[in-house]
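Worksheet: the structure to be examined is printed underneath.
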Amino acid sequence: MKTYNPTSPSRRNQSTVSFRGVLSKKKPEKSLTYGFKRAVGRNNQGRITTRHKGGGHKRLYREVDFMYTKKDIPATITSIEYDPNRNAFIGLAVYKDGVKKYVIVPKSVKPGDTFIVSEKAPLTIGNRLPLRLIPVGTFVYNIEIKAGNGAKLVRGAGTYGQVVANDLGYTNIKMPSTEVRKVPESAWASIGEVSNSDYKLQNLGKAGRSRWKGIRPTVRGSVMNPVDHPHGGGEGRQGRGLRRAKSLWGKPTGKGQKTRTPKKYSNMWIVSRRKVGKAKGNK
């Protein structure tokens, strides 16, 4: 982590991830980048569907490969780069046939390292195999939900899933949330842990850095009026006056409460639900 001298109140506690010795000094691959307009929390009608999003610095989109269609062809990571659209580092993979792709790189991978997507690949960091061929206890990331559907699970900085069991055509994977989930054993996954594990340790230090990232302010419900939030109202500083915390729409939120939809379509794949609140913190 990189810390700063307290030259101002915002600098006093500010910290960032140190890129020195990790990232390559190179511009993004032009053929794999393009400009785009972010949705900033709006749907196709322009209505806000996710609050607290908007503004932020202009970004160039890097086209990251999650499908991994180049099988049985070795690839070399020629550079490790920063991606403003995600918290993990990405690497420029050059396959033996000359094709270039951006991929999310695992921890400890350096320029010059190689990987391969193959059923015969050795069990080394960065290689990609079907889950049925990965031993129990192995850390994995970029996990597919269906074979050939592209990596959907465990893509954030410093995260990893763990293969817990193989049984009756399915692989049980312990997710970063502590949930244990069934995935078809024919689905593919990469071996290792996602890069940039220090990301969660950084301290933004000031509100402005949140705005640069496109994060707008969040106002507490307890300081609103009763018409605006279930926690609102009261003279002066008041408690919420409710046994359990609620969201703006009256749904349970925070404090270890269950927020998952009871009849969610994917419930059949959950072997053990995630631990929330204090139970997760004490584990």
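Which of the numbered conditions does residue 102 fail, given that it passes all the others? Conditions: (1) within 28 Å of residue 21 (Cα to Cα); (2) in a loop (DSSP other than H, G, I, E, B).
Answer for residue 102: the failing condition is (2).
Among the listed residues 157, 165, 189, which satisfies the condition of being under 22 Å from residue 109 (Cβ atoms), modelled with pLDDT of 95 or more and either of a type in the set (S, T, N, Q) or assigned to a strand (DSSP E or B) (or both)?
None of the others qualify; the one that does is 189.
When you look at residue 153, is it of a type outside the set (Asp, Glu), crowded, with 21+ Cβ neighbours inside 10 Å and on the phi < 0 side of the Ramachandran plot, yes or no?
In short, no.
Taking the stretch 4-30, which residues are polar (S, T, N, Q), under 17 Å from residue 209 (Cα atoms) and surrounded by 15 or more Cβ atoms within 10 Å (Cβ to Cβ)?
Across the stretch 4-30, the qualifying residues are 10, 14, 15, 16.
Looking at residue 275, is it in contact (Cβ under 8 Å) with a residue 40 or more places away in the chain, closer than 22 Å to residue 141 by Cα, assigned to a strand (DSSP E or B) and touching a Ser or Thr at 6+ places or on another chain (Cβ under 8 Å)?
In short, no.
Taking the conditions exactly as written (touching a residue at least 24 places away in the same chain (Cβ under 8 Å) and among the aliphatic types (A, V, I, L, M)), does residue 219 satisfy them or not?
No: the conditions fail for residue 219.
Picking from 138, 124, 114, which residue would you name as being over 23 Å from residue 81 (Cα atoms) and either of a type in the set (D, E, K, R) or surrounded by fewer than 19 Cβ atoms within 10 Å (Cβ to Cβ) (or both)?
138
For the stretch 153-173, which residues satisfy the criterion of being in contact (Cβ under 8 Å) with a residue 60 or more places away in the chain and not small (Gly, Ala, Ser)?
Result: 155, 172.
Mind listing just one residue for me: the one in the stretch 176-204 that is buried (at least 16 other Cβ atoms within 10 Å of the Cβ) and among the hydrophobic types (A, V, I, L, M, F, W, C) and, of those, nearest to residue 11 (Cα to Cα)?
Looking at the filtered set, the residue picked out is 204.
Do you know which residues across the stretch 1-15 are farther than 18 Å from residue 194 by Cα and either part of a loop (DSSP other than H, G, I, E, B) or hydroxyl-bearing (Ser, Thr, Tyr) (or both)?
3, 4, 5, 6, 7, 8, 10, 13, 14, 15
State whether the residues of the stretch 23-39 include one that is assigned to a strand (DSSP E or B), touching a Leu at 6+ places or on another chain (Cβ under 7 Å), closer than 19 Å to residue 142 by Cβ and at pLDDT 95 or above.
The answer is no, given that none of the residues of the stretch 23-39 is assigned to a strand (DSSP E or B), touching a Leu at 6+ places or on another chain (Cβ under 7 Å), closer than 19 Å to residue 142 by Cβ and at pLDDT 95 or above.
Pairs only if they're at least six apart or on different chains, beta carbon under 8 angstrom, first in the stretch 227-248 and at pLDDT 90 or above and surrounded by 14 or more Cβ atoms within 10 Å (Cβ to Cβ), second among the β-branched types (Val, Ile, Thr) and part of a loop (DSSP other than H, G, I, E, B); list them, first residue then second.
From the stretch 227-248, the pairs are 245/253; 246/253; 247/253.
Please go through the stretch 63-99 and pick out each residue that is acidic (Asp, Glu), on the phi < 0 side of the Ramachandran plot and assigned to a loop (DSSP other than H, G, I, E, B).
63, 65, 83, 97
The values are calculated or read from the model by the stated rules, or taken from the named source; none is laboratory data. None of these values were measured; they are calculated from a predicted model. For neighbour counting, all protein chains shown are included, and Cβ atoms are generated from backbone atoms with ideal geometry for every residue, glycine included.
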